[in-house]
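> Here it is, the structure in full.
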Amino acid sequence: MELLVMGQLTLGMEPQWWLGLIGAGLLVGLFILAFVSMRYKRCPSNRVLVVFGRVGGGRASKCIHGGGTFVVPLIQDYAYLSLEPLAIEIPLEGALSQNNIRVNVPATFTVGVSTDPVLMNNAAERLLNLPIGAVREQAQDIILGQLRLVIATLTIEEINKDREKFMNLINENVAQEINKIGLDLINVNIRDITDESGYIQAIGKRAAAEAINRAKVEVAQQEKEGAVGEAIAVRERTVQVANEAATAAQGQKNAEQARRVAVSAMEAQAITGEVQAKRDMEIAAAQREAEAVAAKKKAEQEQRVRVADAEATAKTGENTASATVAESNAKLAEVQAEARRRADVAAAKALEAIAIAQREQELARLAKENLAPQEIEKKRIEIAAEAEAEKVRREAKGQADATLMKYQAEATGVQKVMEAKAEGYRKLIEACGMDPAVGPTLLLIEQLPKLVDAQVRAIQNLKIDKIVVWDQGKGADGRNATSDFLSGMIGSLPRLHELAQQAGIELPAALGKVASRQGDTGATVTPGKSDKPSGEAAARK
């Protein structure tokens, strides 16, 4: 009946009430959605989202780069670290190099917060909510120290010439140190390297002088080659002129010889014609024979005179040509000798300049190869020794501090234990009615388990062929009853005395003494201030 009435009431409700519930649920859902959207934080690409508070895992913070996370209200909060590069001016002046020369190395370092998970946590722990100026000061101090350390391991020559090695050392040392505060080294720009003593300028002058000397040697070498070429050209010209002159004289002789041969041939033809004419005319004109003979002789005489004159002229020309050739050869020898002398002088001067330049170069090379490595090794050993000594000093100081703190803690603990024991002893004496004999007795009873344990350990490795069991023998079944506990304890005193005697311990007077009896296998214990025996016979088994 009641169910029917409730059903009728439920069906008779107004729909406005259900609409109100639905609206309230929608409002609550919208509120929860808005709250969740407000607490869900997204991280942009140029920042690192740091959530701190209770983040779990025993960590102080949680770093997120990209994406987002839900920040739990009340127990968590958040902040951002900027990833924008930070340019740091390093006006380094007076840094001491390995060869004890102070140099000025102004540079610009570009750093930024790293996105590596470990380095992001370092940045969150050390740089969160710090202003840009404070971050720049921290990074500048670290970079200055490391830059001075790097310069101290290099010479001026290595810094000035081997820039790649210098930059590698800077990147390695500086990056390793600034990573400890969560920063990453992006770029290093060394603007200029100068020194107060002018050593670098002197190195430049020396390099310029070496270049000038090399140029002078090359010029001398070229001049020598030019002089030698000139002498060779003069010699070839002289020889060629002489050859041409000899060729001309030979051509002249050949022409004269051909002329003489032609003249002789013509004379022979003329004589042959004359003889033939004479023979033809002998028959016809006998009278004219003498005239012909005379003409013939005269022609022969003239011929011989002309031939002699031509031969004399040719001989004179030959002698003149020979003299001209000899004079030309002599002049050529003189020119050649002068050319050789100038070439030898130039070669000697060039060799002298080359030897001087080679000596300077060899001295510089020996200084670089022998002295510079020794100086570098010396400084390296000194720096390593100083670092090792500093390390040993710090380790020794740390060990000494740790030992001192350990002993101080132990002394404090021992003092506390002794004070607690003294207080316990005092209260024990007070509880015993200020009786000095009762306190040691109770303490001895407290230490009995340790004594028994020590006795057992002393004989645990011994071979025992017989075991003796002590008991007072009361009760129907031969066991102690609870009500007879005190009498049982007193009955066990003889065994306690025997154990103490075996251990070499003298018990207090409050525990009584053991009196030996003749004809009795047991012992009688006489407690202090009591004449009633309470010991029982010991049964040996």
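The values are calculated or read from the model by the stated rules, or taken from the named source; none is laboratory data. Quantities reported herein were computed from a predicted structural model and do not represent experimental measurements. Ideal geometry is used to build each Cβ from the backbone, glycine not excepted, and the neighbour counts take in all protein chains shown.
> Just need a number here: residues in segment 160-208 that are at pLDDT 80 or above and in a helix (DSSP H, G or I).
19
> In addition: Might you check whether a residue that is out of contact with any Pro (no Cβ under 7 Å at 6 or more places or on another chain), surrounded by 14 or more Cβ atoms within 10 Å (Cβ to Cβ), within 19 Å of residue 46 (Cβ to Cβ) and not hydrophobic (A, V, I, L, M, F, W, C) occurs anywhere in segment 173-193?
yes
> Take the residues of segment 140-197 that are among the basic types (Lys, Arg) and without any contact (Cβ under 8 Å) to a residue 24 or more places away in the chain: which is farthest from residue 115 (Cα to Cα)?
Across segment 140-197, the extreme among qualifying residues is 161.
> Starting from residues that are charged (D, E, K, R) and surrounded by 12 or more Cβ atoms within 10 Å (Cβ to Cβ), keep the ones in segment 163-172 and report whichever is nearest to residue 141 (Cα to Cα).
172
> Is segment 52-75 home to any residue that is over 41 Å from the mean Cα position of the chain (by Cα), of a type outside the set (Phe, Trp, Tyr) and surrounded by 13 or more Cβ atoms within 10 Å (Cβ to Cβ)?
So far as segment 52-75 goes, yes, one or more of its residues are over 41 Å from the mean Cα position of the chain (by Cα), of a type outside the set (Phe, Trp, Tyr) and surrounded by 13 or more Cβ atoms within 10 Å (Cβ to Cβ).
> Condition test on residue 256, is it more than 50 Å from the chain's Cα centre (by Cα), surrounded by 13 or more Cβ atoms within 10 Å (Cβ to Cβ) and of a type outside the set (Phe, Trp, Tyr)?
Here the answer is yes, as residue 256 does meet what is asked.
> What do you reckon, is residue 361 touching an Asp or Glu at 6+ places or on another chain (Cβ under 8 Å), over 30 Å from residue 502 (Cα atoms), assigned to a helix (DSSP H, G or I) and modelled with pLDDT under 85?
yes
> Another question, if that's okay. When you check residue 386 against the structure, is it at pLDDT 80 or above, acidic (Asp, Glu), over 30 Å from residue 230 (Cα atoms) and assigned to a helix (DSSP H, G or I), yes or no?
Judged against the criteria, residue 386 is a match.
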